[in-house]
Every structure is written in structure tokens, then in C-alpha cells.
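The values are calculated or read from the model by the stated rules, or taken from the named source; none is laboratory data. Fair warning: this is a prediction, and the values are worked out from it, not measured in the lab. So basically every Cβ, Gly included, is an ideal-geometry build from the backbone, and we count neighbours across all protein chains shown. All accessible areas refer to the heavy atoms of the entire protein, side chains included, with ligands and DNA or RNA removed. Shrake-Rupley method; radii C 1.70, N 1.55, O 1.52, S 1.80 Å.
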Amino acid sequence: MDVSGREVPADVGARPGTTREFARVGGWFLAAVGGGVLGRLTLIEDLQVVLVSPFTAIGVLWLASSPRRSWWWDVPLLALAQGLVLAATGADAAQVWSAVLIAPIQPVAVVLLLRRLAPHLWGGGGWEPLRTIHDLLMVLLACVLGTTISTGVRAIGLFPLPELDATGLAMVWIRGVCWATSAGVLGLLIIPELLRRRGDRTALLREWFAGRPGVVGETALVLGATTLLYSTGSRLPVSFAVMLVTVWAALRLSPVAATLHALVSGTVALFLTLQDVRFFSYSTDRLEAVALAQGFTIVLVLTAAVISLLTASREQEMLRANAAEQASQEKAELLDAAIARLEEGVVVLHEDGSDLLRNPAGRALLELEPGLPYDEAMPGPEFGIFDERGRRLEVSELPHARALTGIATPATDFVVRAPKRPQGMILQITATPLATRSGEPRRAVVNFRDVTAERQERDALASFAGVVAHDLNNPLMVANGWAMALREQFLRGEVTAEQALPMLDRVDHATTHMQEFISDLLSYTVARDQQLSLEDLDLSAIAEEVAAFRRESDSRPEIDIQPGMRVHADATLVRQVIDNLISNATKYVAPGVRPQVRVEAHDKSDMLEIRVIDNGIGVPATMRGRIFDNFQRAHEGSYNGTGLGLSICRRIVERHGGNIAVEDDHGHGSQFVLTLPRMRTAPEDGSPLTP
Ligand code: ADP
């Protein structure tokens, strides 16, 4: 192959004067001499005509395989070979010169015509082997026309050769067509493939002669049948039976094997005819017998080539069709598998409303009986598909019904309440009409997905942002208001420290609250998004550190931590939970009461249940479920706070697979109960995992 991957025959690129070029020309020259000598063995002296012409076959292949630029020496050498043969086999000078001049005409004419008629083929100037019936016809046409030209030259009597009658000329013509066609067809079947697959010839031979299972046995049968026919009694007209075997071989064997078999059969028939035994030897006219035998060879070779090429191309087509079918089947299976695994529901509908395809998600999302009419599947006004204004859609307004009339519904949210999903859900539905050819029933594809959680999250985020904006705005306005008031005081005249300091205190208070709020917001984001780094922790030690800091505060709280509590959790986040809970426990106490806090724990299967018990003001029963939501506060006014601390705690605890709740301590305070995963490994000091 050349750099562009194109297949290049071996002969191209051989430069004149190189050893390879000498070998090439020398080889062909010797072959031409050999072919000429073989032909001279069948010479009819008085007519100066040979009965067989392997020389023609060699000449055609020689010129077909050589580039035009080397014809300058190829053609004269071809003529010289014929001249030498004649000179060496007793021809006179006139005959030698005639042969030298006539010999190249046929090969030159055939190859030039081939270049014109089939330039893509090897021998016609291209690289391709013989594959189609059209190519075969072009080869035949080139051989017939080329031979007609050379026979015509012989017939017009320019050369000092004996004149030939009609039978003689017919024999010369048939002989030329026979040898040129046989060489052309076989050469074009074999040589380009041999050149193209030089590194892979064993495989190529296997393809030709053992391409499929059983072919070796069939070849043996073909050869056996042929041998049998050729050894039948002398002069029996068995040629029709040879034809039968040829057709059989062409149907079963590769084009190369079948055509080769036909050529050998024809050549043996010709040989036997020449020997005056069997086949066409019944004809008393020797020229006629030889012409018949060579015509028979042409018919055999062409029959084999036509049938085997057709069979091979049909086999190729079948292979291609099978491969295409398999590929499309694989594609369909892949598509089915992909659609089946989609979380999104996909339904393809027929014009009559029946399902052509519905993936498992499409079945599971609505849990509707397939094929049930809308009003039966969604009975009553409370079930159905509702638009954003809460109006129940009529059958004709349903996205799939509109798509079947050719109107698409882009991705739109609908509230769907089905009998098995009475709580309702928000489905984003897209319905698209499928393009069909005119006259074919309409189809539509509907895809839908449950966006309930997404929409809830979106709404929660929107209200979160609203509350954040509001809660930041309030202290800002307070700080701004007091700053303005102070400014006015200054403008009015002298301001005493007693007047200014309370105002500055209020500004300070507002900005401190903002700072706490922003810090809580940051903690909330961390609690939500930070990747967990789990490890075995001494929870008691962490709680002790937190407590030590809290004990310093003005209210001097008593904090009692149970030793030996161990969990498997993220240290930073767990510290945040304990800090929030102890800080709340010391904050939410009645005025004048000394806060008393106890942190204790005990096992609950593979979790540790931790309790933070205080003697505070308790959480009103109505607020117990809500204080873990963002910005929810049970005691507004007298107690500072942002309402984010407990939602941070819940987020952290839930991310660890636990939960958190508040219990009433029978009017004596509150108990916050949370669970966290227990420590995985036994502590090194041998103390129990939990007390
Ligand atoms: P913050 O303390 O900043 O207001 P939290 O989310 O920590 O926010 O608490 C939410 C609400 O729960 C508090 O406003 C308070 O009303 C109530 N609360 C929390 N802990 C206690 C507690 N130990 N005793 C009584 N009420 C509490």
C-alpha cells in the first residue's frame, strides 16, 4: 500500500534499468517464448497457422501488468520472442518478419481497449479485481474487438502468409478470443488480489479454495466428476455434461476456483481434441474441431465466471444484509435497554391512543392501567391532570392528545393526582408529534418526569432567600436609623456621651446580630454541602471542650457531661451540633435561673442516642415539630437568635444517618434527643464503647 492507503500493484514503480525491471521483463520474455513454442507444436505447416495460442495469453497478461512507459521495450521484446520462436522452429525469413509484426497487435489492441472500457480494473490502468458482470462484459468486449482487429490484419493479406478460408479465419478468431479471454478473466480475478494481499497469501488461497466448510469435499467431487467424464469412451459427446459440472462448480466454489476449473476442463478438452480422441475429434475438419474446442473453452470460462460472480456478489449482499440486520438489532436492543433505564417516563402513542412503547418509568410514575380512558383512569373532579391555575384538563387538552393532532407541548409543569397517587405530584410533561409519511397513522412521543421534589426545593430556596433578605434588612435598617439619629443630634449641637452611647450600643447590637446571622448562614451551607470526613470520635471530650467555654459565660451554667460517649462521625460538624444544643440549653432559661445542662447517651442498636437535657423554659408543644426548620423560632423578642441553629443540627444529624427531635421534660425544661452512628472499633484503653 502507498502512504494514502491505496492498493498499489507490485509492478508499479519498477524503474527501467533496475534489477527488478530486468527480472520482470526477462520473466515475461521467457514465458512468451515458452507460449510460442507450445503453439508451434500445433502448427499446420501449409497454412502457417498454430492451433493453440498460449503466446496470446502471455502477451495480454504481460502488457496488462506493465505501465505504459515500459511498453517502449515490452512490445518490441514481445515481438522479438515470437520472432525467435519462429526462427528457431524452422520458419523462413518472411514468416519470421510477418510474425514479428503481427504478434503484438492482438495483446496491444486488447489491453488498450481494456484501458478505455474499464479503466478502474487492474490491466485497465486501475487496481481493482474483476467483481461484477459489467466488468466481465467489458473484458470480453476488449478481447473480442482486439482479436477482431488482429484477425482482420491477418485476413487483408498484407503479409506474405498463406491465405485462410472462412473456417481458417474463424478458427484464428476463436483461438484469439479463447486465449485472450481466458487470460483476461483469470488474470483479473487472481493477479490484483495477489498484489493487494502480498503479506496474506495463505489466507487468500484459503478464501479461494477453502472459503467455507465443506468446500474441499465439494471441490473433490467436482474434480472426480470431471475426471470421470474425461475418461469416458472415446467420441462420446460428453461436453454437455462438462457444462453441467462447470455450472455446479460455479454455484458452489469461489469465482477463482470455478473459472480455473472451467479453463482446465476446456484446455483438456482441447488437448484431447488435438490428440484426436474424444470431444470434438469427431469432426473430420481439424481446424473446425480445434475451433469448436476453443469455443467450448470460451463458453465454459464465461459460464463459470458469470455464475460464480453472481453467486459471490449475492453471498456478499446476504452477508452485508445479515450484518446490517444484526447491527440494527443490536442498536434496537441498546435503545430498548437505554429507554428502560431512563428515570424519565417515555411513551410513544398511536393515533388511536394505544401505546406503541412505554418504558418502566412511564408505567411506574402514574401507576395507571394501560389503555384506560382518561376519565376512567382519573375518575371524579379530584383526580386528573391540572394546569398551573389548578384547572382540570379536558381529554382534548391533554398534552398527548394535542400532540396526536400535531400540536407540540414544550416542557410544562402539571399537577397530577391519580387514584394511586392521591397526594398529587408535579410532572413536567413534554409531548411532541412524530413525523410520519402522509397516509400513515399519526404518532406522538410523550416524556414526563416527577419534578415534585425539585419544585419544592426551588420554592424552599426562594422563601429562604426572601427570609435571608428580610432578616438582613431589619438590623441594617435599625443600625442605619440610629446612625442617622446620632448624625442629626450632632448637627443640632453638642452631643454628650450619655446621649450618644445608647445610640451606638443599638448600632452595635444590630451589627452584631447581622454578624451572627451571616455566620449561621455560612455554617448552614457548610452543614449542607461539606463532604463528610468520618472517624471514630470521643464525643464526651468534644462536649467537655464546648462546655468549658460555655461555663465562662455570665449565667455560670452547670454543665454535666457523661464520660465515655463515642461516635463515628465528622468531628467539625458534630462539634457544631453539640455547641448549638448546649448554647441553646444555657440560653433558653427563665431570668434569674442558673442553667443546668446534662449531656448523656446510651446505645440504640448501631446508633448512639444522645440527650441534651436542660432546666429551661421548654419548647411549646405546637412548635416542637417546626423549630428544626429554617428561621423558625419559638421565643421571639426576649431571646436573641437567628432561627438557623437547629436546622443546621438537623441537617448534620441526618447526613450522618441519624435524626433529632425535642421532648418535653414534664414542664422542667426540654430534652433534645439525637442519634449518631456508634464508634466502629473498640477503644484502645479497653473501656466499653458506650457507658
Ligand atoms: P435560635 O436559637 O438562633 O433562635 P435555633 O434554630 O437554635 O435558633 O432554635 C430555634 C428555636 O427553638 C429557638 O428560637 C427557640 O425558640 C427554640 N429552642 C431551641 N433550643 C431550645 C431550648 N433548649 N429550650 C427552649 N427552646 C429552645
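Values computed for the structure shown
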{"item": "Cα pair distances of the stretch 233-358 binned at 5 Å [whole percent]", "result": "2, 10, 13, 12, 9, 8, 6, 5, 4, 5, 5, 5, 4, 4, 4, 3, 1, 0"}
{"item": "Accessible area (Å², 1.4 Å probe, nearest 10) - SER463", "result": "70"}
{"item": "For the stretch 319-449, Kirkwood radius (reciprocal of mean inverse C-alpha pair distance, Å)", "result": "15.9"}
{"item": "Rg over Rh [alpha-carbon atoms, Kirkwood Rh] for the stretch 144-237", "result": "1.17"}
{"item": "Burial ranking of peptide ranges 75-82, 195-202 (average Cβ count within 10 Å, highest at the top)", "result": "75-82, 195-202"}
{"item": "Accessible surface of LYS604 - all protein chains present, 1.4 Å probe, nearest 10 Å²", "result": "110"}
{"item": "Rounded to the nearest 10 Å², the accessible area of TYR282 at probe 1.4 Å", "result": "130"}
{"item": "Diffusion coefficient, µm² s⁻¹, Stokes-Einstein with Kirkwood Rh over alpha-carbon pairs of the stretch 304-393 at 4 °C and 1.567 mPa s", "result": "74"}
{"item": "Computed E for GLN531/ARG458 - FRET, C-beta separation, R0 25 angstrom, nearest 0.05", "result": "0.55"}
{"item": "Dipole in debye (nearest 20) - the chain, about Cα centre, beta carbon charges: Lys, Arg +1; Asp, Glu -1", "result": "3400"}
{"item": "Two-site FRET efficiency, ARG201 against ARG20, from Cβ-Cβ distance with R₀ of 25 Å, rounded to 0.05", "result": "0.85"}
{"item": "Length released on extending from ALA364 to LYS420, taking residue separation times 0.36 nm less the Cα-Cα span", "result": "19.1 nm"}
{"item": "Accessible solvent surface per residue of the chain, calculated while the other protein chains remain in place, 1.4 angstrom probe, Å²", "result": "52"}
{"item": "Cα gyration tensor category, rounded, prolate or oblate, for the stretch 66-175 with a/c compared to 1.5", "result": "oblate"}
{"item": "Cut-off under 5 Å, modelled amide H: who pairs with ARG680 long-range", "result": "none"}
{"item": "Alpha-carbon gyration tensor eigenvalues x 5, square-rooted, for the stretch 511-642, Å", "result": "24, 20, 15"}
{"item": "Integer Hz, Karplus 6.51/-1.76/1.60 couplings in order for the stretch 652-657, x for Gly and Pro", "result": "5, 4, 5, 5, 8, x"}
{"item": "Mean Cβ count within 10 Å, highest first, over the residues of peptides 609-615, 631-637, 171-177", "result": "171-177, 609-615, 631-637"}
{"item": "Fraction of accessible area attributable to carbon and sulfur, the chain (%, probe 1.4 Å)", "result": "60"}
{"item": "Residues in the stretch 386-404 that a label on LEU356 would reach, taking backbone N under 16 Å of a point 7 Å out along Cα→Cβ", "result": "400-404"}
{"item": "Estimated distance in nm for a label pair at LEU522 and GLU218, the labels positioned 7 Å out from Cα along Cα-to-Cβ", "result": "8.4"}
{"item": "Spin-label model distance (nm) - TYR282 vs VAL495, 7 Å beyond Cα toward Cβ", "result": "13.9"}
{"item": "Karplus (6.51, -1.76, 1.60) ³J(HN,Hα), θ = phi - 60°, over the stretch 372-383, in Hz, Gly and Pro reported as x", "result": "7, x, 3, 5, 7, 5, 10, x, x, x, 7, 9"}
{"item": "Alpha-carbon Debye profile of the stretch 278-352, log10 I(q)/I(0) at 0.16, 0.24, 0.25 Å⁻¹", "result": "-0.80, -1.03, -1.05"}
{"item": "Charge sum, other residues only, whose C-beta stays under 10 Å from ALA361's C-beta, Lys/Arg counted +1 and Asp/Glu -1", "result": "+1"}
{"item": "Largest-first principal axis extents, alpha carbons of the stretch 11-84, Å", "result": "44, 18, 15"}
{"item": "Under the Karplus curve 6.51 cos²θ - 1.76 cosθ + 1.60, θ = phi - 60°, whole-Hz ³J(HN,Hα) for the stretch 103-119, x wherever Gly or Pro sits", "result": "3, x, 4, 5, x, 4, 4, 4, 5, 4, 5, 4, 5, 7, 7, 9, x"}
{"item": "The chain: projected area of the alpha-carbon convex hull, averaged over directions, in nm²", "result": "62.9"}
{"item": "Cut-off under 5 Å, modelled amide H: who pairs with PHE631 long-range", "result": "LEU644"}
{"item": "Computed E for MET318/THR412 - FRET, C-beta separation, R0 45 angstrom, nearest 0.05", "result": "0.35"}
{"item": "Amide H contacts of LEU51 (H built 1.01 Å from N, under 5 Å, at least 5 apart or other chain)", "result": "THR42, LEU43, ILE44"}
